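Undergrad: Sharing a structure with you now.
Derivation of every value follows stated rules applied to the coordinates shown; laboratory data play no part. Being a predicted model, the structure only gives us computed values, none of them experimental. Because the Cβ atoms are built from the backbone with ideal geometry, glycine has one as well, and the counts that use them run over all protein chains shown.
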Ligand code: BGC
């Protein structure tokens, strides 16, 4: 079968031929891949910043955001049947650390975790995929053309669930209702974070640097949110500074991660979801930041990956969002290409693009 892989020695993207995977245990499911989203992480893998091919191999099949159709199930599979739409999750933990032993692979504290399409496991840019039922979630039929958004949505689901828990755990009677939340960086994770925050009852602001009539701004408006154009207004502006109970940082730019703290209200919480370029060494007003964190009881935390329940929640929320704001998921898909155009898909970079997707059908 055909697959798209990156050569870890040269960084070249290549079209490769692999043996078609087959079900080997009664718990496995064979899937026909329908579509695979392209993510910033794929670009970082190509640029050698993160990622690892499976042990002993130099080619890593890319792709960790997918939607597929079940074509065969093992004899002990109970939750999926032929013809169902399904999504394969990304991370498998080390299985040994205290977090994995509790089933929380997303908190795996070992260095041995593996991730499909990212670290030591083949990804989904291939004609077929086989995996254990335990790592697959069923998706509704309506998700056929946007189901690959579920994976980036899980990242937002987890970060937002955590920040709500943190606030509820420390402030008696705290509720998201009417609280102001701002999302910095309106790529897919940022826009999906706006969606989850709105569904939880926050008053949502989304900030990017594209124009006020851009598709990103329109998506924020469609959900009843407010778009902030970072080219026109600074975080230190008195109408913004200190105004937000919650920040979700989804731009993954180190300097912005700290500058945006100007926006945080007393007792506020800020979640980081992006991984910045490690070469960035921007000078930091460290004293000012720490003094403010202490005197204002503010919390900063990082969040990565997600548990199976976040996948199920992401599916529920995306379904509710589609009912509430018809066609919103499709608006995030700015480019759809046949998989044969893979080189263009992985090298394209435009602030206007939201989600690029490769079609395998
Ligand atoms: C993926 C996560 C993964 C993380 C770190 C992100 O792009 O969405 O599932 O855990 O990269 O590898």
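Undergrad: Of 238, 276, 140, which is the most mobile in a GNM of the chain whose springs link Cα atoms less than 10 angstrom apart?
TA: Per the Cα network of the chain with a 10 Å cutoff, 238 tops the list.
Undergrad: Then there is this: I need two numbers for segment 153-302: Rg to one decimal and Dmax as a whole number, Cα atoms only, in Å.
TA: Final numbers for Rg and Dmax: 14.4, 42 Å.
Undergrad: Please report the projected area of segment 82-223's Cα convex hull averaged over all directions, in nm². Write down the numbers at each step before the final one.
TA: Numbers: hull surface 45.7 nm².
If I average the Cα hull's projected area over directions, I get 11.4 nm².
Undergrad: Something else about it: Regarding segment 293-360, what is the average projected area of its C-alpha convex hull, in nm²? Write out the running numbers ahead of the final one.
TA: Values: hull surface 32.5 nm².
With the hull built on Cα positions only, its mean projection is 8.1 nm².
Undergrad: Let me ask something additional. For segment 222-361, restrict the atom set to alpha-carbon positions and state the Rg and Dmax in Å.
TA: 18.4, 56
Undergrad: Right, next: Calculate how many DSSP beta bridges within the chain are antiparallel, expressed in % of all such bridges and rounded to the nearest 5.
TA: Values: 34 of 64 bridges.
Of the beta bridges lying entirely in the chain, close to 55 percent run antiparallel.
Undergrad: Oh, and also: Give me the distance in nm between label points sitting 7 Å out from Cα along the Cα-to-Cβ direction at residue 168 and residue 353, one decimal.
TA: About 3.8 nm separates the two model spin labels.
Undergrad: Continuing with this model, one more query. Using only Cα atoms, locate the centre of segment 54-89 and the centre of segment 279-333, then give the distance between them in Å, rounded to an integer.
TA: Cα centroid of segment 54-89 versus Cα centroid of segment 279-333: 27 Å apart.
Undergrad: For 295, 318, 80, what's the fewest-to-most ordering of other Cβ within 10 Å of each Cβ?
TA: Details: 295 9, 318 25, 80 18.
So the ranking, lowest neighbour count to highest, is 295, 80, 318.
Undergrad: I need 278, 293 ordered by Cβ neighbour count within 10 Å, fewest first.
TA: On the way: 278 9, 293 15.
Starting with the residue having the fewest Cβ neighbours, the order is 278, 293.
Undergrad: Which angle between 0 and 90 degrees, to the nearest 10, do you get for helix 308-324 versus the longest principal axis of the chain when only C-alpha atoms count?
TA: Tilt of helix 308-324: around 70 degrees.
Undergrad: Most fluctuating residue of 157, 28, 249 in a GNM of the chain with Cα springs under 10 Å: which is it?
TA: Highest fluctuation among the options: 28.
Undergrad: Now for a separate question. Run the helix sum for the chain: -39,500 (n - 2.57) per DSSP H stretch of 4+ residues, divided by residue count, reported at 222 nm to the nearest 500 deg cm²/dmol. Mind showing how you got there, number by number?
TA: Details: 10 runs with 96 residues, N = 361.
Using -39500 (n - 2.57) per qualifying helix, the result is -7500 deg cm²/dmol.
Undergrad: Figure the gain on full extension for residue 278 and residue 44 (residue separation times 0.36 nm, minus the Cα-Cα span) and round it to one decimal in nm.
TA: Numbers: separation 234, 0.36 × 234 = 84.24 nm, distance 1.13 nm.
Stretched out fully, the residue 278 to residue 44 stretch lengthens by 83.1 nm.
Undergrad: May I pose another question? Among 41, 198, 340, which one shows the highest mean-square fluctuation when the chain is modelled as a Gaussian network with alpha-carbon springs under 10 Å?
TA: Highest fluctuation among the options: 340.
Undergrad: Sticking with this structure for a sec: Output the peptides 252-265, 172-185 sorted from most to least packed, where packing is the average of other Cβ atoms within 10 Å over each peptide's residues. Mind showing how you got there, number by number?
TA: Details: 252-265: 20.1, 172-185: 18.3.
By packing density, highest mean first, the sequence is 252-265, 172-185.
Undergrad: If you don't mind, another one. From Cα coordinates alone, what are the radius of gyration and Dmax values for the chain in angstrom?
TA: Cα-based Rg and Dmax for the chain come out at 20.4, 62 Å.
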